[in-house]
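A short write-up of the structure that comes next.
The values are calculated or read from the model by the stated rules, or taken from the named source; none is laboratory data. Everything quoted here is computed from the prediction, not taken from an experiment. Note that each Cβ is placed from the backbone with ideal geometry, even for glycine, and that neighbours are counted across all protein chains shown.
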Amino acid sequence: MGTLYYGDVATPIEIDDRALAHLKVVIATKLRRGESFTLSWTHGPGQEVGRSTVWLHPSIPLRFVFDEPEPALLSRAWIEALANSANSSGGLILVEEPPHPGS
């Protein structure tokens with residue numbers, strides 16, 4: 001389970017390492033361009049039922065921490081799905097990974 005630390009919020013955001021690796025690519029791309037946007041996700045197992053949204057801005061500190069020492073192999077389809085949501089009026093939504101071709 002990876003962790004996203006955003007600003008000075010006392011409670012870090014726990015996200016699966018693989019999902020966090022994909023989010024990192026999309027988030028870093030948008031922030032590098034100076035774009036602000038929202039990030040929304042559904043709470044995972046062991047967390048209070050519900051969903052959360054944060055406003056991401058280039059001036060707010062952000063840190064990605066991964067449990068796995070090796071980087072995840074990235075799925076182009078998943079990055080594209082996340083980027084498409086990030087560029088919509090609804091903001092970046094952590095969607096499920098699309099099925100692999102032939103699955």
Query raised in the report: From the list SER40, SER52, SER36, which one is more than 23 Å from GLU97 (Cα to Cα) and among the small types (Gly, Ala, Ser)?
Result: SER36
Report task. Scan (1) within 13 Å of ILE15 (Cβ to Cβ); (2) without any contact (Cβ under 8 Å) to a residue 40 or more places away in the chain for the single condition HIS100 breaks and write down its number. Result -> (1)
Requested in this report: Could you list all residues from region 66-103 that are hydrophobic (A, V, I, L, M, F, W, C) and farther than 16 Å from VAL26 by Cα?
Outcome: PHE66
Query raised in the report: Condition test on THR3, is it over 11 Å from the mean Cα position of the chain (by Cα) and either within 29 Å of HIS100 (Cα to Cα) or modelled with pLDDT under 95 (or both)?
Result: no
Query raised in the report: Within region 66-84, is even one residue among the β-branched types (Val, Ile, Thr) and either over 15 Å from the mean Cα position of the chain (by Cα) or within 18 Å of VAL9 (Cβ to Cβ) (or both)?
Result: no
Requested in this report: Mind checking which strands (runs of 3 or more DSSP E) fall wholly inside region 1-97 and carry at least 2 residues that are surrounded by fewer than 12 Cβ atoms within 10 Å (Cβ to Cβ) and touching a helix residue (DSSP H, G or I) at 6+ places or on another chain (Cβ under 6 Å)?
Outcome: none
